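What follows is one structure encoded as structure tokens, with my remarks underneath.
Derivation of every value follows stated rules applied to the coordinates shown; laboratory data play no part. All values reported here derive from a predicted model rather than from experimental measurement. Cβ placement follows ideal geometry from the backbone for every residue including glycine, while neighbour counts extend to all protein chains displayed.
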Amino acid sequence: MTIFAKGPKALLLIAMLGATTSLSAQDFQSDDEVLTVNGMRGVKGPVIEGIISARSGEKVQITTAEGARAVVMVDDRTEIRGKGGFLGMSSKEKGTSSLFNGLPVTIKTRRFETGLFAEEIRFKNDDLKTAAMIHNGTDQRFLKQAAATEALRSRMSDIDKYNVKDTTNVYFASGKYMLTSDAERDLCDAASKADAMDNAMLLVVGYTDSTGSYEVNQALSEKRAARVVNHLQQACGWKPYRMLTPTGMAQADPAADNDTEEGKAQNRRVAVNILVSKGLDGL
């Protein structure tokens, strides 16, 4: 998933919005190129593709495949469409409330001085169903095992309560978070291995070597983890509800000595851990 812009005036804008405004119908005018809201003129903004990663009121944060974050404003003028059918005017409120974390979306935006406004949001209905399952704390795979489902919900908060069944490491060039073709293949192999295990979850953890500041390395480790998560879900078919929250660990927990180039190369990694809750292992 990427952020891309249409037209020479569209910028790749990653911005937090300012204060939101209550708008009436007469305050809102638009044509193909210019949108006017309360006297403010907005132009076509970038089209953003990514996963909803946070929401607060009318502000929605999108995280892209590259790990970039964009914040857009949504309101009852935002047109929300699921693939295979339009949610419709009568269900706009329901549509807005269905913008769950983890939902992959494509958003057409308008750009104002205060930030981005979501003019149209598109997603696949199957993705909405999965995101709703996550939001509601239910996973249909375990509905036939009600007791196991309750155990899963109560035991996922502590990594010490999991058995680590396998770990796959993929490696990165210095300062980079792009995946190599070998890494992409290894990730799909890991997903296939995990899929063959009952009740398996994936935990993705990103790392760096010791080069650079903590702040830079923390951000880089998070981008590496995000890139791996996106590839697992988009290319390897791994379901979002079978993944624990990914994290970046900067230069912590080195796999090798950072005093050598060979050691640094081993530390620039993302670990994909296959986990099974101890309470469910063997069910």
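Data overview
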{"item": "Cα-based convex hull volume of segment 153-277 per residue, rounded to whole Å³", "result": "100 Å³"}
{"item": "Order of 210, 192 - criterion: other Cβ atoms within 10 Å of each residue's Cβ, fewest first", "result": "192, 210"}
{"item": "Across 129/176; 59/129; 239/264; 108/129, pairs whose alpha-carbon gap is larger than 28 Å", "result": "129/176; 239/264"}
{"item": "Under 5 Å, built H, 5+ apart or other chain: amide partners of residue 116", "result": "73"}
{"item": "Integer Hz, Karplus 6.51/-1.76/1.60 couplings in order for segment 49-60, x for Gly and Pro", "result": "10, x, 10, 5, 10, 6, 8, 9, x, 8, 9, 10"}
{"item": "In sequence order, calculated HN-Hα J values of segment 268-277 (Karplus, 6.51, -1.76, 1.60; Hz; x Gly/Pro)", "result": "7, 9, 10, 9, 9, 9, 8, 10, 9, 4"}
{"item": "Relative contact order of segment 186-283, pairs being alpha-carbon contacts under 8 Å that are 6 or more residues apart, as %", "result": "42 percent"}
{"item": "Whole-Hz ³J(HN,Hα) from phi, Karplus 6.51 cos²θ - 1.76 cosθ + 1.60, for segment 102-115, glycine and proline x", "result": "x, 7, x, 9, 10, 10, 8, 10, 10, 9, 10, 4, 7, x"}
{"item": "Proxy reagent accessibility, fewest Cβ within 10 Å first, across 278, 59", "result": "278, 59"}
{"item": "Cα-projected label distance for residue 259 with residue 195, points at 7 Å along beta-carbon direction, nm", "result": "4.5 nm"}
{"item": "Rough spin-label spacing in nm, given labels placed 7 Å along Cα→Cβ, for residue 76 and residue 125", "result": "2.6 nm"}
{"item": "Potential extension, residue 113-residue 252 segment - 0.36 nm per residue separation minus Cα distance", "result": "46.1 nm"}
{"item": "Contour minus Cα-Cα distance for residue 132 and residue 69 (0.36 nm per residue)", "result": "20.5 nm"}
{"item": "Label-point gap, in nm, between residue 181 and residue 213 - each point 7 angstrom along Cα→Cβ", "result": "3.8 nm"}
{"item": "Footprinting exposure proxy for 123, 100, 117 (fewest neighbouring C-beta atoms within 10 Å first)", "result": "100, 123, 117"}
